[in-house]
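Taking it in order: structure first as structure tokens, then the write-up.
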Amino acid sequence: MIRPVVAVTRKLPAPVEARMNELFDARFNADDHAMTADQIITACHGADVLAPTVTDTIDAGVIESLPPGLCLIANFGVGVNHIDLAAAAARGIGVTNTPDVLTDDTADLAMALLLSAARRVVEGDRLARGGKWGGWNPTFMVGHRVSGKRLGIIGMGRIGQAVARRANGFGMDIHYHNRSRLAPGIEGELQASWCEDLDEMLATMDLISGNCPQTPDTLHLLNATRLDLIQPHAIIVNTARGGIIDEAALAERLADRRIAAAGLDVYEFEPAIHSTLLTLENVVLAPHLGSATHEGRIAMGEKVVQNILAHSKGEALPDRV
Ligand code: 8YV
């Protein structure tokens with residue numbers, strides 16, 4: 001495959017599209033509409049590679065209907081919960097993603113949300129813009145200090161570890177829950193303690209950050225029962241996937257302050273956000289901005305390019321999922 005035909009589902013940054021034009025017969029989505037299943041299948045006719053994003057549902061039905069020549073799904077993004085990996089494997093279609101290049105950006109956003117929620121930055125901005133600020137006083141808009149607080153990181157992969165590095169800089173006491181314990185050297189470097197039991201960790205943390213992938217095992221990992229273990233002064237941040245938390249149950253607990261505050265970048269039914277969350281002052285809502293930096297998005301595009309190139313040369317895929 002010298003010049004693969006690549007179906008790209010969303011508008012990508014201009015330098016990425018230029019690079020793809022150079023190397024591939026690339027088909028772009030000029031008006032950037034979110035594609036339906038039928039539109040994705042139609043876009044793939046005669047294509048060798050599909051380059052989707054998180055907004056595309058590549059389920060078993062779509063995979064079954066892809067043309068026989070399509071042999072690679074090169075996802076623009078690290079999370080692949082929108083792709084049925086088993087169905088792709090069954091059809092011999094390889095799947096790649098874009099790890100590493102968005103780690104720092106996503107961890108930065110987790111910290112931004114944590115600090116914004118703890119220090120009431122966005123609430124303060126709303127108040128100031130609303131002309132409701134009557135001036136400084138000692139009890140006005142008091143939030144919570146983050147240094148010295150116990151941070152529980154759920155999912156200690158690349159992004160979880162990057163959050164831990166940043167949290168160290170803020171003087172937090174770091175704990176993590178992960179399927180497997182980190183090597184002692186990494187644990188030591190991150191000054192992080194492993195909690196084998198998620199429930200025990202949740203019950204003792206002041207701050208909680210969701211950083212695990214969404215899989216059938218982690219869907220509603222924070223369900224109502226687990227949310228009820230969380231201390232009332234705790235703050236939750238989620239920059240992973242909305243589905244790892246039962247969003248309705250979280251909204252209910254934030255509304256009646258059984259959980260103090262939240263900073264959310266991802267939602268269970270994006271782009272919809274639970275209507276209660278939209279009304280709450282103690283919640284900071286970002287519209288899935290984890291990897292949204294110019295540098296990150298260009299690097300993600302280059303990862304997609306490298307995976308397609310490797311595939312077309314019959315080489316090992318650098319980022320095979
Ligand atoms: C991306 C993300 O912007 O990479 C991911 O998994 O969640 C985002 O930061 C998005 O997935 C692009 O497809």
Exercise. If M201 satisfies every condition in (1) more than 16 Å from the ligand (Cβ to nearest atom); (2) among the hydrophobic types (A, V, I, L, M, F, W, C); (3) part of a loop (DSSP other than H, G, I, E, B) but one, which is the exception?
Worked result: (3)
Exercise. So E22 clears everything in (1) among the charged types (D, E, K, R); (2) free of Cβ contacts under 8 Å to residues at least 24 places away in the same chain; (3) assigned to a loop (DSSP other than H, G, I, E, B) except one condition, right? Which one?
Worked result: (3)
Exercise. Under 6 Å by Cβ, and 6 or more places apart or on different chains, what pairs join a residue from the range 73-85 that is touching a residue at least 24 places away in the same chain (Cβ under 8 Å) and more than 11 Å from the ligand (Cβ to nearest atom) with one that is acidic (D, E) and in a loop (DSSP other than H, G, I, E, B)?
Worked result: D84/D59
Problem set entry | Sole residue being within 26 Å of I83 (Cβ to Cβ), of a type in the set (A, V, I, L, M, F, W, C) and more than 16 Å from the ligand (Cβ to nearest atom), chosen from A286, A260, A316 | A316
For this session: Select from the range 55-69 the residues that are surrounded by fewer than 21 Cβ atoms within 10 Å (Cβ to Cβ) and of a type outside the set (G, A, S) and write down the one among them that is farthest from the ligand (Cβ to nearest atom).
Result: P68
For this session: Taking the options D199, D173, D206, name whichever one is more than 21 Å from the chain's Cα centre (by Cα) and either surrounded by 22 or more Cβ atoms within 10 Å (Cβ to Cβ) or closer than 23 Å to G243 by Cβ (or both).
Result: D199
Exercise. Across the range 43-54, what is the number of residues that are more than 16 Å from the ligand (Cβ to nearest atom) and either crowded, with 21+ Cβ neighbours inside 10 Å or touching a residue at least 40 places away in the same chain (Cβ under 8 Å) (or both)?
Worked result: 4
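Quick grid of which residues meet (1) out of contact with any Leu (no Cβ under 8 Å at 6 or more places or on another chain); (2) more than 18 Å from V237 (Cα to Cα):
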| site | (1), (2) |
| --- | --- |
| I154 | no, no |
| G160 | yes, no |
| N168 | no, no |
| H175 | no, no |
| N178 | yes, no |
| I186 | yes, yes |
| E189 | yes, yes |
| C195 | yes, yes |
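Per-residue answers, yes or no, for (1) modelled with pLDDT of 95 or more; (2) among the polar types (S, T, N, Q); (3) in contact with a strand residue (DSSP E or B) (Cβ under 8 Å, 6 or more places away or on another chain):
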residue	(1), (2), (3)
T42	yes, yes, no
L50	yes, no, yes
V54	yes, no, no
G61	yes, no, no
Exercise. For the range 264-312, what are the residues that are loosely packed, with under 15 Cβ neighbours inside 10 Å, under 25 Å from D246 (Cβ atoms) and of a type in the set (D, E)?
Worked result: E270, E281
Problem set entry | Members of the range 203-236 found to be of a type in the set (V, I, T) and farther than 20 Å from M172 by Cβ, listed by number | T215, T218, T225
Problem set entry | Where T293 falls short, out of the listed (1) within 15 Å of the ligand (Cβ to nearest atom); (2) over 21 Å from D105 (Cα atoms) | (2)
For this session: Determine, yes or no, whether Y176 is touching a helix residue (DSSP H, G or I) at 6+ places or on another chain (Cβ under 9 Å) and not in a loop (DSSP other than H, G, I, E, B).
Result: yes
For this session: Select from the range 180-196 the residues that are surrounded by 16 or more Cβ atoms within 10 Å (Cβ to Cβ) and either within 28 Å of G143 (Cα to Cα) or of a type in the set (A, V, I, L, M, F, W, C) (or both) and list them in ascending order.
Result: L182, L190, A192, C195
Problem set entry | Enumeration of residues in the range 235-263 that are touching a strand residue (DSSP E or B) at 6+ places or on another chain (Cβ under 6 Å) and among the small types (G, A, S) | A240, A260, A261, A262, G263
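The values are calculated or read from the model by the stated rules, or taken from the named source; none is laboratory data. Bear in mind that the values here come from a model prediction, so they are computed numbers and not experimental data. Because the Cβ atoms are built from the backbone with ideal geometry, glycine has one as well, and the counts that use them run over all protein chains shown.
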